[in-house]
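Okay, so here's the structure we're looking at.
The values are calculated or read from the model by the stated rules, or taken from the named source; none is laboratory data. No experiment lies behind these values; they were computed from the predicted model shown. Because the Cβ atoms are built from the backbone with ideal geometry, glycine has one as well, and the counts that use them run over all protein chains shown. Each accessible area value is taken on the protein alone, full model and side chains, heavy atoms only, with ligands, DNA and RNA left out. Shrake-Rupley method; radii C 1.70, N 1.55, O 1.52, S 1.80 Å.
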Amino acid sequence: MNQIAQTSAPQAEPPYLRGLNPPQREAVLTTDGPVLIIAGAGTGKTAALTARLAHLIFTKKAWPSEILSVTFTNKAAREMRERVGRLVGDAVEGMPWLGTFHAIAAKMLRRHAELVGLQSNFTILDTDDQLRLLKQLILAADIDEKRFPTRSLAGLIDQWKNKGLVPADIDAGESERYANGRGGELYQQYQARLIALNACDFGDLLLHMLVILKTHRDVLAQYQQRFKYIMVDEYQDTNSSQYLWLRLLAQERKNIACVGDDDQSIYSWRGAQVENILKFERDFPGAKVIRLEQNYRSTPHILGAASGVIANNGGRLGKQLWTERDVGEKVKVIGVWDGPEEARRVGEEIDIVRRSGKSLDEVAILVRAQHQTREFEDRFIAIGMPYKIVGGFRFYERAEIRDALAYLRVVNQPADDLAFERIVNVPKRGLGDKAVARIHQLARATGTPLTTAAARILDTDELTGAAKKSLGRLVGDIARWRDMATSLPHAELARQLLDESGYTAMYQAEKSVEATGRLENLSELVRAMEEYDSLGAFLEHVSLVMDNEGGAQDPQVTIMTIHAAKGLEYDTVFLVGWEEGLFPSQRSLDEGGVKSLEEERRLAYVAITRARRLAVIIHAANRRIYGQWNSSIPSRFVAELPAEHIDTETTMSGGASLWQANWSDRADPFADVARGTGRGPGWQRASGTGSTFSTKPARVVESRSSAISLGNKGRDDLSLGQRVFHQKFGYGAIAEIEGNKLEIDFEQSGRKRVMDSFVTLTP
């Protein structure tokens, strides 16, 4: 490295080296041979990567056109180009090979398209076109699309392409994953159809180039000679196809520099393999490993907490983050009684931040799953707290929620034509545009709502047999649901309606991460309905929420998933729902065991390191899951937080110390996961599965096994059967007393669980 510095550095230090710390400088100046730059969260890896690129151009080690620089997003590519441009001027315009994996692969493929049977002007299909084509093949193969949804096949093919698998590579076991063994056959037909259309999908861009590089050595040699240097950002997020593509291109010169952090690999669900970065030194013997460990973002307490959690993962490359920043506040760990109290508490804490003069733009709430946002959205609307959802829609704006609400609106209001239009063919019932147009025509002619016109058209011959039968079933269902609405609780009506309409089954059959999230959102919608006295009252609430839009330029609290927060940072971050089963996700543990547990722990590390000044972790003792109250224990990640870096607060006696003991008393707290059950101690799954729910709250009992402490000592002036008044729920009689928590049979609202401090005695 010294020789490089002496021969390449000019007499005056170049601007791109100014302000870099020693490891960053080493990453910039170590140009030849394989280099792995392990860049921890907030350690200035973009500055180092940009300076390295500028150094290669500034010292004329390579022309801009001889450097392959790969990013994961177009935003990152633009930022890289802008930064390098400020350092080296117009030379950056000559960098045709700076971009995302897919953008660069597409450029290559257009030059060699004929080698895989395409023409250079091939079309890249979007998701809708891809699904349309696959559906044609499924129908032609006489496969029941309801049992084997098109999206399931699309997701499976995408997985195969991410692994670098062509149709010939699909064995019987893989093929069995769709339509009883027909997956491989349909994949082959799909690829052939794409070639005939002179088209490819997103996954083909890399897959086709992999095939070309493997089978045409002259093309591979051409690119190996062209690219004197290869640089890769976010290497921990590469999938198999990207990994193989890079390894082929780098094998000749081996001047490849990969920047990444194995502790931030959180995208396995879309094909990323953390193993790629872990085996870099094996792939490139003699590789130089440089660790960027000085953090410029967070306080020592935040870094200490994050490091304490991630240290429990095995097989890490290892690093120790440190900072010169002031020590700051310890990470707050707060235990609350239930989900609603969690939302109230976060609102109160944010209000303190706002009153201190700090901007709400510097406050974020990070959730593990999208359905968690609903409680916070409703609370913030109620207290006038401006917020925005990043990386997704507001809860009531999500497609599956709008669909469910449309069903409920049709039941509640027969004249709601817009709602009927939305659900008439969702899920698919064979009612095409022509059938719907005939219903519209009759409605206009008779001056009646669409639901009435739909019932009347059944007495005519306007529709064909299949369409008429489907419409008749829908009309009959709507009438029956309206009758049920007079006697059945509205939340139970919603559950039954979503089941009987086939809407729930539609997503259950899809078997994808997105479909699972949609089902969770539907469950949360039904849970939210239980808080309102009637269906009409709930729909009115939703209308008010949907109409509540703050000024786009006003400071707003950011709400998003942890996945969406990667790469972002905020002064204050609230990390909510840190309970076993929610975070780490029970579904992830059930499906992936120890491997998934370690990725969940990396998510925790990413979440904590988003905070600059203050991180607040909150867990609740009770959650309503699928309509049923369930006791929860704090996430195992809470127990892994080093005591010297946290301040613990709980409204429940015993608090975190009891939960810490519950984890530490186990000889092997992760044995359940290792055995494949994926469950931590004391975790109990909700008894409801699929779309079957129980609305009765489960009685929470203090016990060692569940690690739940019921709370502070209750009031001495309350007794069973006593009549009390609650400002929200009205008059009622005490049915159960558990510490400072009461279960009360209210005269108008039914049984509710409340804090004793919210009730007053009445005669």
Using only helices, what value at 222 nm comes out for the chain when you add -39,500 (n - 2.57) per DSSP H run of length 4 or more and divide by the total residues, to the nearest 500 deg cm²/dmol? -13500 deg cm²/dmol
If packing is taken as the average number of other Cβ atoms within 10 Å across a peptide's residues, how do 45-54, 348-357, 416-425 rank, most packed first? 45-54, 416-425, 348-357
Give me the distance between the Cα centres of the stretch 110-128 and the stretch 504-520, rounded to whole Å. 32
Reduced to Cα centres, the span from the stretch 577-644 to the stretch 163-209 in Å works out to 37
Which order, highest average first, do 197-207, 229-239 follow once you tally other Cβ atoms within 10 Å for each residue and take the mean per peptide? 229-239, 197-207
Where does helix 74-88 land angle-wise versus the long Cα axis of the chain, in degrees 0 to 90, nearest 10? 40
The chain: relative contact order in percent, alpha carbon pairs under 8 Å with at least 6 residues between: 13
Extent along principal axes [Cα atoms of the stretch 1-134; Å; largest to smallest]: 59, 31, 27
Quickly rank 556-563, 56-63, 95-102, 628-635 as a protection proxy: mean count of other C-beta atoms within 10 Å, highest first. 628-635, 556-563, 95-102, 56-63
Over the chain, with the other protein chains present, what is the accessible area per residue in square angstrom, probe 1.4 angstrom? 43
Efficiency of FRET between L720 and E397 - r from beta-carbon atoms, R0 41 angstrom, step 0.05: 0.35
Once the Cα atoms of helix 465-484 and of the chain are each reduced to a long axis, what angle between those two axes, in degrees from 0 to 90 to the nearest 10, is obtained? 60
Pull up the cross-link candidates among the lysines for K279, meaning alpha carbon to alpha carbon under 19 Å and not fewer than 8 places away within one chain. K163, K254, K288, K319, K595
How far is helix 150-162 tilted off the main Cα axis of the chain, in degrees rounded to 10, range 0 to 90? 30
Carbon plus sulfur fraction of accessible area for the stretch 94-201, probe 1.4 Å, in percent: 47
Charge sum, other residues only, whose C-beta stays under 14 Å from L278's C-beta, Lys/Arg counted +1 and Asp/Glu -1: -3
Check cross-link reach from K428 to the lysines: straight Cα distance under 17 Å, and skip same-chain residues fewer than eight apart. K135, K146, K468, K469
Apply 1/(1 + (r/R0)^6) to the Cβ-Cβ distance of S749 and D477, taking R0 = 25 Å, and write down the FRET efficiency to the nearest 0.05. 0.25
Going by amide H atoms built from the backbone, whose H comes under 5 Å of the H on I37, apart from near neighbours? C258, V259, G260, I290
Cross-link partners of K752 among lysines (Cα-Cα below 26 Å; sequence separation of 8 or more within a chain): K696, K713, K728, K741
So in the chain, what percent of DSSP beta bridges are antiparallel if you round to the nearest 5? 35
Check: C-alpha center the stretch 56-102 vs C-alpha center the stretch 274-311, spacing in Å is 25
Do you know the relative contact order of the stretch 423-536, to the nearest whole percent, from alpha carbon pairs under 8 angstrom that are 6+ apart? 22
The farthest towards the positive end of the charge dipole of the chain, of the residues G721, L197, G581, given +1 on Cβ of Lys and Arg and -1 on Cβ of Asp and Glu, is L197
